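The values are calculated or read from the model by the stated rules, or taken from the named source; none is laboratory data. Since the model is a prediction, treat every value here as computed from it, not as a measurement. Every residue, glycine among them, receives a Cβ derived from its backbone with ideal geometry; neighbour counts consider all protein chains shown.
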Amino acid sequence: MAKLIAKTYGDALYETAMEKQTLDQLADETAFARDSFAQNPDFMRLLTHPQIDKDQKIACVKEVFGGRVSDDLVGLICVAVEKDRQKELPEIFTYFLDRAREEKGIGRAKVISAVPLREEQKKAVLDKLVATTPYRTFEMDYEVDPSLIGGMIIRIGDRVADSSIRTQLANLARELQSVKL
């Protein structure tokens, strides 16, 4: 249900941004709002508190974000509060930002390796991803997991390329177990 809500509200914000040709501005403002919510969990508690009425919550939203972000984004947050969807705001923001990145041809990749990658290795991975995907560039996130033993795992959205030695050993073990003598 939360994904459907995030998609519905995120698509509405995206369509507004495309219609008004303000995608870059709204993406920056949405990132600001997302970070504001993340850095101030008390604000989300205020917006979800059952004893505070919706009009007061909406007034707080307008006070906090009014003048800092566009009326379109303030309106979206207010509608979410009005419809009791404020808990889904972080997912709505993430959905919209992902959709805006897609529009700009920017992919997000998570690279997990057994050892820290050197800069030339990072560049080689980035170049290979740009050459083999429809994206023009990537936002890269690197992580080290020594349990991989060697190789790497690359995640782009829901796609995974796993060339880790750990996975290759697990596959080999499964194959050996299925051999009947």
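If I ask for residues that are under 27 Å from Ala100 (Cα atoms) and surrounded by 15 or more Cβ atoms within 10 Å (Cβ to Cβ), which ones from the stretch 143-160 would you list? Answer for the stretch 143-160, where residues must be under 27 Å from Ala100 (Cα atoms) and surrounded by 15 or more Cβ atoms within 10 Å (Cβ to Cβ): Ile153, Ile154, Arg155, Ile156. Any residue at all in the stretch 166-177 that's within 30 Å of Asp98 (Cβ to Cβ) and of a type outside the set (Val, Ile, Thr)? There is at least one residue in the stretch 166-177 that is within 30 Å of Asp98 (Cβ to Cβ) and of a type outside the set (Val, Ile, Thr).
Residue count for the stretch 105-135, restricted to those that are in a helix (DSSP H, G or I) and surrounded by 14 or more Cβ atoms within 10 Å (Cβ to Cβ): 6.
Among the residues of the stretch 63-86, which ones are farther than 23 Å from Glu15 by Cβ and either in a loop (DSSP other than H, G, I, E, B) or touching a helix residue (DSSP H, G or I) at 6+ places or on another chain (Cβ under 9 Å) (or both)? Once the filter is applied, which keeps residues that are farther than 23 Å from Glu15 by Cβ and either in a loop (DSSP other than H, G, I, E, B) or touching a helix residue (DSSP H, G or I) at 6+ places or on another chain (Cβ under 9 Å) (or both), the stretch 63-86 yields Val64, Gly67.
Assigned by TED's automatic domain parsing to the domain that holds Phe93, under 17 Å from Tyr95 (Cβ atoms) and of a type outside the set (S, T, N, Q): is that true of Ile77 in this structure? It is true that Ile77 is assigned by TED's automatic domain parsing to the domain that holds Phe93, under 17 Å from Tyr95 (Cβ atoms) and of a type outside the set (S, T, N, Q). Take the conditions (1) at pLDDT below 95; (2) in contact with a Gly (Cβ under 9 Å, 6 or more places away or on another chain); Met1 misses just one of them, which is (2). Yes or no: the stretch 40-55 includes at least one residue that is in contact with a Leu (Cβ under 6 Å, 6 or more places away or on another chain) and buried (at least 16 other Cβ atoms within 10 Å of the Cβ). No: zero hits. When you look at Ala100, is it over 24 Å from the mean Cα position of the chain (by Cα) and either in a helix (DSSP H, G or I) or surrounded by 13 or more Cβ atoms within 10 Å (Cβ to Cβ) (or both), yes or no? So Ala100 fails the test.
Right, Arg45: outside the structural domain of Ile165 (by TED's automatic domain parsing), assigned to a helix (DSSP H, G or I) and either within 27 Å of Val160 (Cβ to Cβ) or of a type in the set (A, V, I, L, M, F, W, C) (or both) or not? No: the conditions fail for Arg45. Being surrounded by 16 or more Cβ atoms within 10 Å (Cβ to Cβ) and not acidic (Asp, Glu) is the filter here; which residues of the stretch 23-32 pass it? Of everything in the stretch 23-32, those that are surrounded by 16 or more Cβ atoms within 10 Å (Cβ to Cβ) and not acidic (Asp, Glu) turn out to be Leu23, Leu26, Ala27, Thr30.
In the stretch 136-159, the residues that are part of a helix (DSSP H, G or I) reach residues that are surrounded by fewer than 16 Cβ atoms within 10 Å (Cβ to Cβ) with C-beta atoms within less than 7 angstrom, at least six apart or across chains, in these pairs: Leu148/Ile165.
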